[in-house]
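**Q** Input: one structure, supplied below.
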Amino acid sequence: MAGLDVLMERGVALDFIKEISTIPGGEEIVQCIQCGTCSGCCPASFMMDYTPRHLVAMIRAGLREEVLSSQAIWLCTSCYTCTYRCPMGIKITDIMYALKRIALRSGKYPRGLKVEKLSKEFVNMINRYGRNHEAELVFRFAMKNPFKSIKDIPLGWSLFSHGKLPLMPEKIKDVNKIKTMIQKAEEVGGL
Amino acid sequence: MMEYIYYPGCSLKATSKAYFESINTISAPLGVNFKELEDWNCCGASLYMGINEMNSFALCARNLALAEKEGKDMAIPCSGCYTMFRKTNQYLKDYPEIKEKIYKVLEEVGLSYNGNVKVRHLAEIIINDVGLEKISSLVKRRLEGLNVACYYGCLMVRPKGGVEDTENPKSLDRLVTALGANPVFFPAKVRCCGGTLVGLGEDIGLRMVRNLLICAKDNKADLMVVTCPLCHMNIDVYQPRVKKKFNLGFTMPILYFTQLMGIALGLDKNSLGFKSLIVPAEPVVSKYL
């Protein structure tokens, strides 16, 4: 691991980087050479509180709380540019996904994020119908913050009037099978 | 007639009706049968992956298991779904512990999966299996003089593993040339459209859409073609908002590549989904209709 001697000399705990490197897809994080290719090609890095390179450095420095509560991991659009270009083969996008999940489970995620709310509504929808019902998703999400959503009414109407938002959900034939699978997947575990 | 197992994905049944309709319209003339996978479920998309990975793999695995029974390549028009299935196949192969867990989940609903489904993007199937020579021979109205920005987006080319060049893909450009149109220089061809950030109204998402539009306009594009429902949603549906926010002095029609093919093949314009576009395409394409 690059910089290992420095970390050892300074007595930095390696728990967090170990946690990340044992997640499927996270193994290569120990190889980071801090070249900054990821931050340079990330389309969202200029709006992030910590760029992807910075986040990896923080993971290595054991700054668990700071990483999990950062806004940056929620701005990742999973475009995979960093993953493709990383010269050390680190799957940064998959690590960003993992950080989202760890942040949610540990309750450290920053509150009030729209993408986190939308994700949860989306998951409930899929578990309920087996497919996404976009009209209901849009409505439920808007109802999270009705006053702010007023400005979105024209957009919703434009979608509807162009036939883009069927009101009835498409369900799969046996939704119970999805429920059974989700139950089992949660039982066998994983991140 | 070439046959594929077709996984349309949730968006094609709603917001990207134009894609669904135009695929239906062009497939017979191209000699392709896209047979819809029976009782398919959502792939989970990027949002589910951010909440729970195992559930997300399980959702994909069910579709893969159903598709495997059919014994044909899987044709996927949505780049998001395409990547979710590719990723599930890859993780089942690379991580025995995930494979074991997912197999248990499938067993619970009487399914099994041996990892044999070939996951392919519908655009790639049309370009490589139907072939540009055949497409070119079927063209009834050459799109002479039409400048097209070919936008590949992220998930058709990344993560690496598809058949397409990751940094500078050219297959859509070649397709557009086969239709008689002119693919313009478009260096933003694989830059991100903003994904889910656009619909959330995040400033950064709208900026990403703006950058794509400006890049296409600066290079004299008359319209942009896309291969993904979410890209289309972001660049077409949100274009009026982006235009207002950044004072853009132009609009640009955003078409699915299948719609452009439909025009060139001389097919019925009423069955190519033009009515569901937010930025009207007629001003630019009417002379070819």
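**Q** Relative contact order of chain A, please, whole-number percent, based on alpha carbon pairs below 8 angstrom and at least 6 residues apart. Show your work: numbers first, answer last.
**A** On the way: 189 pairs, mean separation 34.4, N = 191.
Relative contact order, chain A: 18 percent.
**Q** Could you pull the Rg and Dmax for the range B:38-165, using just the Cα atoms, both in Å?
**A** Rg, Dmax (Cα atoms, Å): 17.2, 57.
**Q** With a/c under 1.5 counting as rounded, go ahead and sort the protein assembly as shown into rounded, prolate or oblate using the C-alpha gyration tensor (a ≥ b ≥ c being the square roots of the eigenvalues; past the cut-off, prolate if a/b is larger than b/c, else oblate). Each step should come with its number before you reach the end.
**A** Numbers: a/c = 1.57, a/b = 1.36, b/c = 1.15.
Judged from the Cα gyration tensor, the protein assembly as shown comes out prolate (a/c at least 1.5, a/b above b/c).
**Q** Oh, and also: For the range B:12-162, what is the relative contact order in percent, using Cα pairs closer than 8 Å and at least 6 residues apart in sequence?
**A** Values: 128 pairs, mean separation 37.6, N = 151.
This gives 25 percent for the range B:12-162.
**Q** Counting only helical runs of four or more DSSP H residues, what would the 222 nm mean residue ellipticity of chain B come to if each run contributes -39,500 (n - 2.57) and the total is spread over all its residues?
**A** Working: 14 runs with 128 residues, N = 289.
So the helix-based figure for chain B works out to -12500 deg cm²/dmol.
**Q** With runs of 4+ DSSP H residues as the only contributors, calculate the mean residue ellipticity of chain A at 222 nm using -39,500 (n - 2.57) per run, divided by the residue total and rounded to the nearest 500.
**A** Numbers: 13 runs with 109 residues, N = 191.
Using -39500 (n - 2.57) per qualifying helix, the result is -15500 deg cm²/dmol.
**Q** Let me ask another. In Å, the Kirkwood hydrodynamic radius of chain B over pairs of distinct alpha carbons? Write out the running numbers ahead of the final one.
**A** Working: mean 1/r = 0.0515 Å⁻¹.
After inverting the pairwise mean of 1/r, the radius is 19.4 Å.
**Q** Continuing with the same structure: Of A:I102, A:I90, A:I126, which has the largest mean-square fluctuation in a 10 Å C-alpha GNM of chain A?
**A** A:I126
**Q** Then there is this: If I histogram all Cα-Cα distances within the range B:138-288 using bins 10 Å wide from 0, what percent of pairs lands in each bin?
**A** Pair shares across the bins are 11, 43, 35, 10, 0.
**Q** Build a GNM of chain B with springs between Cα atoms under 10 Å: which of B:L248, B:L30, B:L272 gets the top mean-square fluctuation?
**A** For chain B, modelled as a Gaussian network with Cα springs under 10 Å, the answer is B:L248.
**Q** Using only the Cα atoms of the range A:114-188, build the gyration tensor, take square roots of its eigenvalues as a ≥ b ≥ c, and label the shape rounded, prolate or oblate: rounded if a/c is under 1.5, else prolate if a/b is larger than b/c, else oblate.
**A** In terms of gyration-tensor shape, oblate.
**Q** Just need the relative contact order of chain B here, percent rounded to a whole number, with Cα pairs under 8 Å and 6+ apart. Please list the in-between numbers first.
**A** Values: 488 pairs, mean separation 59.9, N = 289.
Averaging sequence separation for qualifying contacts and normalising by length gives 21 percent for chain B.
**Q** To continue, here is another question. Choose one answer from B:D173, B:D203, B:D73: the residue with the largest mean-square fluctuation in a GNM of chain B with alpha-carbon springs under 10 Å.
**A** Among B:D173, B:D203, B:D73, the largest GNM mean-square fluctuation belongs to B:D203.
**Q** With all pairs of different alpha carbon atoms counted, what Kirkwood hydrodynamic radius in Å does the range A:4-106 show?
**A** 13.6 Å
**Q** If the rule is a partner Cβ under 4.7 Å, which cysteines in chain A fail it?
**A** Here A:C32, A:C35, A:C41, A:C42, A:C76, A:C86 come out as lacking a disulfide-compatible partner, given the Cβ-Cβ threshold of under 4.7 Å.
**Q** How far apart, in nm, are two points set 7 Å out from the Cα along the Cα-to-Cβ line at A:D152 and at B:F185?
**A** 4.0 nm
**Q** Sort A:C35, A:C76, B:C42 by accessible area with a 1.4 Å probe, largest first.
**A** Details: A:C35 75, A:C76 30, B:C42 5 Å².
Sorted descending by solvent-accessible area, the residues read A:C35, A:C76, B:C42.
**Q** Could I ask something else about it? Calculate, in whole percent, how much of the Cα-Cα pair population of the range B:1-86 lies beyond 16 Å. Please report the intermediate quantities before stating the final value.
**A** Details: 1924 of 3655 pairs.
So the pairs more than 16 Å apart make up 53 percent of the total in the range B:1-86.
**Q** Which of the pairs A:K18/B:K101; A:K179/B:K160; A:K173/B:K118; A:K114/A:K148; A:K120/A:K171 have their Cα atoms more than 21 Å apart in this structure? Present the calculation step by step, with values, prior to reporting the outcome.
**A** On the way: A:K18/B:K101 23 Å; A:K179/B:K160 33 Å; A:K173/B:K118 25 Å; A:K114/A:K148 12 Å; A:K120/A:K171 19 Å.
Result: A:K18/B:K101; A:K179/B:K160; A:K173/B:K118 exceed 21 Å.
**Q** At what distance in nm do the modelled label points of B:N116 and A:C35 sit from each other, each positioned 7 Å from its Cα along Cα→Cβ?
**A** Distance between label points: 4.0 nm.
**Q** Suppose every Lys and Arg Cβ carries +1 and every Asp and Glu Cβ carries -1, with no other charges. What dipole size does chain B come out with about its Cα centre, to the nearest 20 debye? Mind dumping the intermediate values first?
**A** On the way: 35 positive and 29 negative charges, 175 e Å.
Computed charge dipole of chain B: roughly 840 debye.
**Q** Report, to the nearest whole %, how much of the accessible area of the range B:1-123 belongs to carbon and sulfur atoms, 1.4 Å probe, protein only.
**A** On the way: 1820 of 3960 Å².
Accessible surface attributable to carbon and sulfur in the range B:1-123 totals 46 percent.
**Q** Mind checking which aspartates and glutamates have their Cα closer than 20 Å to the Cα of B:K245? Skip sequence neighbours fewer than 8 apart in that chain.
**A** Reachable aspartates and glutamates: A:D152, B:E202, B:D203, B:D218, B:D236.
**Q** Related question: Net charge near A:V115: determine it from the other residues with C-beta under 13 Å of the C-beta of A:V115, scoring Lys and Arg +1 and Asp and Glu -1.
**A** Working: positive: A:K100, A:R111, A:K114, A:K117, A:K120, A:K144; negative: A:E116, A:E121, B:E202.
Net local charge, A:V115 excluded: +3.
**Q** Excluding same-chain residues fewer than 8 positions from A:K184, which aspartates and glutamates have a Cα within less than 12 Å of its Cα?
**A** The reachable aspartates and glutamates, counting only those whose Cα sits under 12 Å from A:K184, are B:E107, B:E108.
**Q** Under 1.5 on a/c is rounded, so check that first for chain A, then, if it is not, pick prolate when a/b is larger than b/c and oblate when it is not; a ≥ b ≥ c are the square roots of the alpha carbon gyration tensor eigenvalues.
**A** prolate
The values are calculated or read from the model by the stated rules, or taken from the named source; none is laboratory data. Everything numeric in this text was worked out from a predicted model, so none of it was measured. We place every Cβ from the backbone using ideal geometry, glycine too, and count neighbours over all the protein chains shown. Heavy atoms of the whole protein, side chains included, go into the accessibility calculation; ligands, DNA and RNA do not. Shrake-Rupley method; radii C 1.70, N 1.55, O 1.52, S 1.80 Å.
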